[in-house]
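So the structure is just underneath, and the comments pick up after that.
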Amino acid sequence: VDVFQAWCGPCKPVVNLFQKIRNEVGSNLLHFAVAEVDSIDALEKYRGQCEPVFLFYTGGELMAVVRGADAPLLQKTILEQL
């Protein structure tokens with residue numbers, strides 16, 4: 001989940017990375033979503049930050065968090081979680 005604030009929007013540069021990985025591993029294993037922290041109370045702790053935050057869930061449980069648009073770290077985290 002790409003967690004963002006309304007004033008800065010979702011992290012567009014990372015979308016291509018996500019699509020590339022999804023094509024490589026198969027669409028059934030990996031799902032992407034975006035969530036605006038200002039409209040979801042459960043994400044309140046991520047408000048007021050100027051860097052993108054990516055949350056990784058499995059079975060509804062938070063498994064990993066990556067702060068910042070670090071493409072190599074995001075790719076590593078995605079592959080580890082799969």
Review point. Would region 34-54 turn up any residue that is within 14 Å of the chain's Cα centre (by Cα) and on the phi > 0 side of the Ramachandran plot?
Key: no
Check your understanding: When D70 is evaluated against the numbered criteria (1) charged (D, E, K, R); (2) surrounded by 14 or more Cβ atoms within 10 Å (Cβ to Cβ); (3) in contact with a helix residue (DSSP H, G or I) (Cβ under 6 Å, 6 or more places away or on another chain), which criterion, by number, is the only one it fails?
Key -> (3)
Practice item. Search region 38-67 for residues being without any contact (Cβ under 8 Å) to a residue 40 or more places away in the chain and of a type in the set (S, T, N, Q), and hand back the single one that is surrounded by the fewest Cβ atoms within 10 Å (Cβ to Cβ). Key: S39
Exercise for review: Scan region 6-37 residue by residue and report those that are surrounded by fewer than 15 Cβ atoms within 10 Å (Cβ to Cβ), in a helix (DSSP H, G or I) and not acidic (D, E).
Suggested key: K12, P13, V15, N16, Q19, K20, N23, V25
Review point. Would you pick out the residues in region 65-77 that are in a helix (DSSP H, G or I) and modelled with pLDDT of 90 or more?
Key: P72, L73, L74, Q75, K76, T77
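The values are calculated or read from the model by the stated rules, or taken from the named source; none is laboratory data. Predicted, not measured: the structure shown is a model, and the values here were computed from it. So basically every Cβ, Gly included, is an ideal-geometry build from the backbone, and we count neighbours across all protein chains shown.
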